[in-house]
Structure formats: structure tokens, C-alpha cells
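Written below as C-alpha cells is the structure these notes are about.
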Amino acid sequence: MSNSNFDKFPAVAVKGYKGFAGWKDICDELSSKINALGKSLAVIVLEFYHGVFADEIIAALKRNISNSHFINVEAAMSNKNELDEKLFPFVTDDPVFGYITPLDIKDFYNTDKLNAVEDSIGKISEGVIFLYGTGASLIESKPDILIYADMPRWEIQLRFRKNQVSNLGADNFDDAFAYQYKRSFFVDWRVCDKTKKELLPKSDYVLDTTANGQPKMITGKTLQAALEEAVKRPFRVVPFFDPGPWGGQWLKEICDLDRSAPNYAWAFDCVPEENSLLLSFDNLVFETPSINAVFFQPKSLLGTEVWKTFGEEFPIRFDFLDTMGGGNLSLQVHPLKEYIQEQFGMDYTQDESYYFMDAKEDAFVYLGLKENIDPDNMIKELEEAQEDSGNFDAEKFVEKFPIKKHDHALIPAGTVHCSGANSVVLEISATPYIFTFKLWDWGRMGLDGKPRPISLQHGKRSIQWNRTTQWTKDHLLNQFKKIDEGDGWIEEKTGLHEGFFIETRRHWFSHTVTHNTNGVVNVLNLIEGKEAIVESPENNFKPFVVHYAETFIVPAAVGVYTIRPHGVSTGETCGTLKAIINPNNLPKPHTN
């Protein structure tokens, strides 16, 4: 039996609300709503986010709602070749990267085909018309009933891997996952998010079909009320875990994961764009994409100044990289701000840091370059290793530092870096997390048996060649500075890096320590100690228990809160690492 107390399915309790579970209850509620309309012909729009299983939903409605007509609006999309041509500037032919699209869902559709759908509706005189699909709302903007079927991005990725869904308007179930994800990231999800922001607040009902065969439905008003409640207190999103070619064994024990799995490389414990948020109502637990809290409660969650700068995006990411008993990460670099804006249409770049949660005696990190190297020679040898499937001698060019538990390596964009084997990294970064330029991957294959894409052409344009050994020691390794202390606690500034908008603070505490959001979102992880409890001095929220290695979000609206050791850890020294937004280093206001 594992000693882990890590909660893999954290839920936000929202009392006083109920939902509908199972197709019978769902259809009974819809039938009642339809009958209450008192109309001979009712029009229901069933709008889908990308990745929803339409067949399951439509089959259930056909079984349970009589005199119903079903029209798949997606049949009016432009043909595949036309869409491919229109989307190519955003998908591009790069194996990994594209350009954030400005398109809307209407750009996926053929006007003549839409008109034909409208004509077919005009021929139906009674019963219930269900218009369904991604873009169904294009046919009827003011239906009698609007139902939104949502889907978290992580579940969509799992469905891609099982060849269960395709990209929007495509029939590419069997395409490589890397392409499907890339197109979704740069196109499909951007388009669907625009539609969601418009429709979800006015939806009569919201469907959760994340777990196949276990549908749940709540009213749109219930969802909005629940999101409003969630951002008044600390909360966690649902973590997800993934294997990798360099993955380790630490997460299995700490998070109580499947011991028979070969490894777990990643644990995404706070990536609201892709995580889920579980809402525990009086009679069911409802799963919704956690990004919905950002979309519909941005000021309370992020804070006014952060919201003005980043828009409806969550600017901080926490995840784990486990190489304990595994291998090195890829040797990599992230783009400079100007480069990511010009090449990919992103407003800010991925400055980040590695906080070492655990490390064996032989653990190390590649960080920065050696003194007096020849850049041209390094690129030449990288190119030759890639072209000839040869070897690249990383230690000839890249500096290598030993590391230990609770070290902190800062990694501003443009810095060559790579965490080595036998360590566990809590990675803290800005959220354009797809923009990693791999320079070298040690000649290994991905889990699919194919070489992982190397982005040397992008990478060499981003490397900052002046970040060499002495500069790295002076500016990037263990930049700890004690800034405050009190009875049983010490606060240290640990990074990220001068000029970057994320700042990290570490607290060691054996007694209660007081925090204040000061109007900006806080993200924390319990880096030491079995258990801690987060409380409101004014009882504005119920005490919130966190366990070792769990990441939690404290919304900007919370204001003052306290953290103290709890349970078996009472009397021990606990530690938290907190990321906040430094208002003095904010990028230009959000323009998307």
C-alpha cells in the first residue's frame, strides 16, 4: 500500500446545486423543457467543442426524445482541400510549430452549404429539430434551447492517440498525433474557444461527456455560479500524467500511479489550458475545462492588472519533469520575446525555471554555455549529428553543474539548458509551453519509435551566446535572498530572473505564515512536508488541505490567507514555493 496522500482527483465543492446524470435523466429534463415551450416546432442547438463524441449523444437523444429531427451542421463545412489551403498559413509545414490563427468557426463553413441546411429546416413543420456539431450555432443564433457540450484538451489528446477523433473539418483519424495536436493548438482550439466565450454564458445547459458512457448535465447558470464560487477560494485542477523517452520512477510513488507503467516523464499539475476542473455538486461531480474559470472569472482569478495584460489566459504553469532512474531531457532553448512574436504570433515567451524537488548524488543540470566556445562550430556539430545520426558532445560546449534537492536553476529565454538524469524538476514557467526548440535529443527515439523533431533552425536564432559559465553562476543558479522572517517562518526570493514577469518566493515554516495575493493570482506547491492547511483569517473560505507535491491556485480575489503545517506534519518544517506576477515587469497589454 502506498504512503502517498497526493490527491489525483481534487474537486471544488459547490453546495446548493444539482445536475442530471445518465442519458435518461438528461433526456427527461430536456423533454420537460421542450414541453414547457408549448410549441409545435422547437429548435435546439447542440454546440460541440472539438473532440466531443457526437454519435453517443445523438444516439441517446434519438432513443429518448420522440418526434425529433437531427441535422449535422458540420456537413456544411468546406471540403478538406479548401480547408487545408485556408489553414496552411497557420498550420505551416513545420513539424512542430505553427501560427496562432485569427479565424472564426464561420471560416470553416461553405456559405452555399449553410444555405442548403437552412432550406432543409424550413421543410420541417413540427417536432424537435436538433442542430448539432461544432458551429451548429451558425444556423440558429437564438434557438429555443442552447446546449453546449464541452471537452477538456487533455481528453482530446487521449482521443487523438486512440484514433477516435480528427481535427475540425478533417478526416484524419489516423494522422500522426504530433500533427493533430499542432493543428489543434494553433487552429482548432483557438477557433472553438472564441465560440465558447460567446455561447457558454448564455447556454441553457452544459454537457459533460468526458467519461464515455457517463454523461452529466447542468444548467448554464449553475456552471457560471460554480465558477464564481471556485475563484473565491484556493483550489486545485486535475493533474494528468504522461510517459516519455526519458521518464523516471519518482512520480509513481509520490502520486500513487500505475506501478506497471514503464515510466512517467511529466505531471501537469497546473496547466489550466489543458487541465480539468472538477465541480462537486450535491448529487454529482461535473468535469469542465479549467480554462473556463479563466474565461468567465478572469478579474477575480487573475486580478485586474494581470487580466488587462494577458487577457483571458493563465500566465503561470507548474509541471513536474521526472528523470529519476530515467535519462536526460532534450538539450533545448526557448525563443526570445521578439522571435516568438514575429514567428508564431505569441504575446510573450517561455522564461522558466527548474526547482529541484529531489535529486540523487550524481544529478546535474546543463545550463548555459562554456567560456570561449565557437558558436559556428557548435551549430556545425549539431547539424552533423542530426544529419548523420551521429553523436553530439554536449559537454564540449554546454556547461554542466551538479545539483541537489531544493536547488533552483533560472532559465530565461535564449539560455541553452537540459535537466539530467536522476532528478525531479518542478518546472515553473510562462504558458507558451509548446515553444521548446530541441537542439539535440541524444540520438534516441520517441515512444512511437520515431525520432523526435529537432528545431535547430529556430533554436540557433534564439541562443544567447554570452550566457557562459561565470555569468550563469552569477545570475542563474540558486539566487536565494532572504527578504522577511517571523515567528517560525522565513521568506526567500528565489527567482525567476531579473526583468521577467514571474517571481518566485520560498517559505520555510513550522508555524503559521501569512500571505497576501495583493490583487494578483498566486500559484504554490508544497515542496516540503506531508501536509499543510490553507486558511482565511476572516473565514472567507473553508480550510483547504494540501499535500506534498500538490500545486494549488490562490485566486487574486482571496486577498489575505495563511498556511501552516497540518496533521502528521505538525511540528515539522514545511516549505512552499510560490509564483506571482511582478507588476513592474508586465509585458505590453494583451492584443489578441
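The values are calculated or read from the model by the stated rules, or taken from the named source; none is laboratory data. Every value quoted in this text rests on a predicted model; they were computed, and no experiment measured them. Methodologically, a virtual Cβ is constructed for each residue, glycine included, from the backbone with ideal geometry; neighbour enumeration extends over all protein chains shown. What goes into the accessible areas is simple: the full protein's heavy atoms, side chains included, and nothing from ligands, DNA or RNA. Shrake-Rupley method; radii C 1.70, N 1.55, O 1.52, S 1.80 Å.
Can you pull out the residues in the range 479-500 that are assigned to a loop (DSSP other than H, G, I, E, B), buried (at least 16 other Cβ atoms within 10 Å of the Cβ) and not aromatic (Phe, Trp, Tyr)? Talk me through it step by step, then tell me what you get.
So the first thing to find is which residues in the range 479-500 are assigned to a loop (DSSP other than H, G, I, E, B), and the list is 479-480, 487-488, 497-500.
Those left that are additionally buried (at least 16 other Cβ atoms within 10 Å of the Cβ): 479, 497, 500.
Hits for the range 479-500 are Gln479, His497.
Scanning the range 118-152 for residues that are surrounded by fewer than 17 Cβ atoms within 10 Å (Cβ to Cβ) and touching a residue at least 24 places away in the same chain (Cβ under 8 Å) turns up Ser120, Ile121, Ile124, Ser125, Glu126, Gly127.
Among the residues making up the range 375-389, a single one is touching a residue at least 12 places away in the same chain (Cβ under 8 Å), open to solvent by 70 Å² or more (accessible area, probe 1.4 Å) and in a helix (DSSP H, G or I): Gln386. Of all the numbered requirements in (1) open to solvent by less than 60 Å² (accessible area, probe 1.4 Å); (2) part of a loop (DSSP other than H, G, I, E, B); (3) among the small types (Gly, Ala, Ser), Ala59 misses one, and that requirement is (2).
Among the residues of the range 391-401, which ones are without any contact (Cβ under 8 Å) to a residue 40 or more places away in the chain and either in a loop (DSSP other than H, G, I, E, B) or open to solvent by 10 Å² or more (accessible area, probe 1.4 Å) (or both)? Correct list: Asp393, Glu395, Lys396, Lys400. Give me the residue from the range 307-358 that is more than 19 Å from Asp242 (Cα to Cα) and of a type in the set (Lys, Arg) and, out of that set, modelled with the highest pLDDT. Looking at the filtered set, the residue picked out is Lys308.
For Leu410, the stated conditions hold: it is under 23 Å from the mean Cα position of the chain (by Cα) and at pLDDT 95 or above.
Taking the numbered list (1) crowded, with 23+ Cβ neighbours inside 10 Å; (2) of a type outside the set (D, E, K, R); (3) within 30 Å of Pro543 (Cβ to Cβ); (4) free of Cβ contacts under 8 Å to residues at least 40 places away in the same chain in turn, Phe241 passes all entries but (1).
Glu503: of a type in the set (D, E, K, R), in contact with a His (Cβ under 6 Å, 6 or more places away or on another chain) and not in a loop (DSSP other than H, G, I, E, B), yes or no? In short, no.
What number of residues within the range 428-466 are part of a strand (DSSP E or B) and buried (at least 18 other Cβ atoms within 10 Å of the Cβ)? Outline the logic, then answer.
In the first step, residues of the range 428-466 are kept if they are part of a strand (DSSP E or B); the result is 428-429, 437-440, 445, 451.
Within this subset, residues satisfying the condition of being buried (at least 18 other Cβ atoms within 10 Å of the Cβ) are 428-429, 437-440.
The number of residues fulfilling the criteria is 6.
Considering the range 208-224, and only residues there that are at pLDDT 95 or above and either out of contact with any Phe, Trp or Tyr (no Cβ under 7 Å at 6 or more places or on another chain) or among the charged types (D, E, K, R) (or both), the residue that is surrounded by the most Cβ atoms within 10 Å (Cβ to Cβ) turns out to be Leu223.
Looking at Glu538 and the list (1) farther than 27 Å from Val425 by Cβ; (2) at pLDDT below 95, which single condition is not satisfied? Unmet for Glu538, out of (1) farther than 27 Å from Val425 by Cβ; (2) at pLDDT below 95: (2).
Kindly indicate which of Asn67, Asn35, Asn115 is without any contact (Cβ under 8 Å) to a residue 24 or more places away in the chain, open to solvent by 80 Å² or more (accessible area, probe 1.4 Å) and over 29 Å from the mean Cα position of the chain (by Cα). Give the steps one after another, and end with the answer.
Details: Asn67 fails: without any contact (Cβ under 8 Å) to a residue 24 or more places away in the chain; Asn115 fails: open to solvent by 80 Å² or more (accessible area, probe 1.4 Å).
Residue meeting the stated conditions: Asn35.
Remark: pairs (first residue in the range 311-322, of a type in the set (Gly, Ala, Ser); second residue open to solvent by 10 Å² or more (accessible area, probe 1.4 Å); Cβ separation under 8 Å; 6+ apart in sequence or on different chains) = Gly311/Pro298; Gly311/His590; Gly311/Asn592.
What are the residues in the range 311-339 that are closer than 27 Å to Trp442 by Cα and in a loop (DSSP other than H, G, I, E, B), if any? If the condition is that a residue be closer than 27 Å to Trp442 by Cα and in a loop (DSSP other than H, G, I, E, B), then Thr323, Met324, Gly325, Gly326, Gly327, Asn328, Leu329, Ser330, His334, Pro335, Leu336 are the ones that fit. Candidates are the residues of the range 111-127 that are of a type outside the set (D, E, K, R) and in contact with a helix residue (DSSP H, G or I) (Cβ under 6 Å, 6 or more places away or on another chain); the one that is farthest from Leu83 (Cα to Cα) is Val117.
Checked against the criteria, Leu577 counts as within 18 Å of Glu503 (Cβ to Cβ), among the hydrophobic types (A, V, I, L, M, F, W, C) and part of a strand (DSSP E or B).
Filtered by the rule that a residue be open to solvent by less than 30 Å² (accessible area, probe 1.4 Å), over 30 Å from Glu253 (Cα atoms) and outside any loop (DSSP other than H, G, I, E, B), the range 340-374 gives Ile340, Phe344, Gly368, Leu369.
Taking the range 244-255 as the range and being of a type outside the set (Val, Ile, Thr) and either surrounded by 17 or more Cβ atoms within 10 Å (Cβ to Cβ) or touching a Phe, Trp or Tyr at 6+ places or on another chain (Cβ under 6 Å) (or both) as the test, the residues that pass are Gly244, Pro245, Trp246, Gly247, Gly248, Gln249, Trp250, Leu251, Lys252, Cys255.
On inspection, Ala532 passes the criterion of being open to solvent by less than 10 Å² (accessible area, probe 1.4 Å), of a type in the set (Gly, Ala, Ser), at pLDDT 95 or above and touching a Pro at 6+ places or on another chain (Cβ under 9 Å).
In the range 563-570, the count of residues that are modelled with pLDDT under 95 and assigned to a loop (DSSP other than H, G, I, E, B) is one or more.
Between His408, His417, the distinction of being more than 30 Å from Ile100 (Cβ to Cβ) and either open to solvent by less than 10 Å² (accessible area, probe 1.4 Å) or among the aliphatic types (A, V, I, L, M) (or both) belongs to His408 only.
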